[in-house]
Amino acid sequence: QVQLVESGGGLVQPGGPLKLSCAASGTIFSTYNMRWYRQAPGKQRDFVAVISKGGSTGYAASVKGRFTVSRDHAKNTFYLQMNNLKPEDTAVYYCNAQNTIAEYWGQGTQVTVSL
């Protein structure tokens, strides 16, 4: 069983930065692809970014060039650095660990971009 705990959400002004963290309960980065998703009120949960087991990354078009995904093996923690935030980035952000056998989700952290 893998447990994922997100942190780092909050209120930020448009144009500002915010860094989310996702702490995993074990050493999982070599066996799971790690993704960030987000869900705005009344909308479906959408893919944001991925870092694969091998370390390659990918981003949704809406965040490419503004968001950066990374991981720290020593800390078993996965990050999402968000820059130049926009009001439309407001959502609950979830981290996700997935391989061919299992999938796990964190509880989510709220990000609000507003004046």
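The values are calculated or read from the model by the stated rules, or taken from the named source; none is laboratory data. Everything numeric here is computed off the predicted structure, so don't read it as measured data. Cβ coordinates were reconstructed from backbone atoms using ideal geometry, including for glycine residues, and neighbour counts include every protein chain displayed. The accessibility values were calculated without ligands, DNA or RNA, using every heavy atom of the protein model including side chains. Shrake-Rupley method; radii C 1.70, N 1.55, O 1.52, S 1.80 Å.
Given the criteria within 22 Å of Lys86 (Cα to Cα) and either under 15 Å from the mean Cα position of the chain (by Cα) or exposed (fewer than 13 other Cβ atoms within 10 Å of the Cβ) (or both), does Gln3 qualify?
Details: within 22 Å of Lys86 (Cα to Cα): no; either under 15 Å from the mean Cα position of the chain (by Cα) or exposed (fewer than 13 other Cβ atoms within 10 Å of the Cβ) (or both): yes.
Judged against the criteria, Gln3 is not a match.
Identify, by number, the condition in (1) open to solvent by 50 Å² or more (accessible area, probe 1.4 Å); (2) over 11 Å from the mean Cα position of the chain (by Cα); (3) free of Cβ contacts under 8 Å to residues at least 60 places away in the same chain that Ser52 doesn't meet.
(1)
Among the residues of segment 92-103 satisfying the criterion of being out of contact with any Gly (no Cβ under 8 Å at 6 or more places or on another chain) and closer than 12 Å to Trp36 by Cα, which is surrounded by the fewest Cβ atoms within 10 Å (Cβ to Cβ)? Walk me through how you get there before you give the answer.
Of all residues in segment 92-103, those out of contact with any Gly (no Cβ under 8 Å at 6 or more places or on another chain) come to 97-103.
This time we only want the ones that are closer than 12 Å to Trp36 by Cα, so: 97-98.
Values: Ala97: 24, Gln98: 14.
Looking at residues that are out of contact with any Gly (no Cβ under 8 Å at 6 or more places or on another chain) and closer than 12 Å to Trp36 by Cα, I get Gln98.
Restricted to segment 13-41, and to residues that are without any contact (Cβ under 8 Å) to a residue 60 or more places away in the chain and part of a loop (DSSP other than H, G, I, E, B), which residue is farthest from Leu80 (Cα to Cα)?
Among them, the one singled out is Pro41.
Please count how many residues of segment 8-41 are farther than 18 Å from Asp72 by Cβ and either touching a helix residue (DSSP H, G or I) at 6+ places or on another chain (Cβ under 9 Å) or modelled with pLDDT of 95 or more (or both).
13
All but one of (1) under 17 Å from Leu4 (Cα atoms); (2) modelled with pLDDT under 95; (3) of a type in the set (A, V, I, L, M) hold for Val50; which doesn't?
(2)
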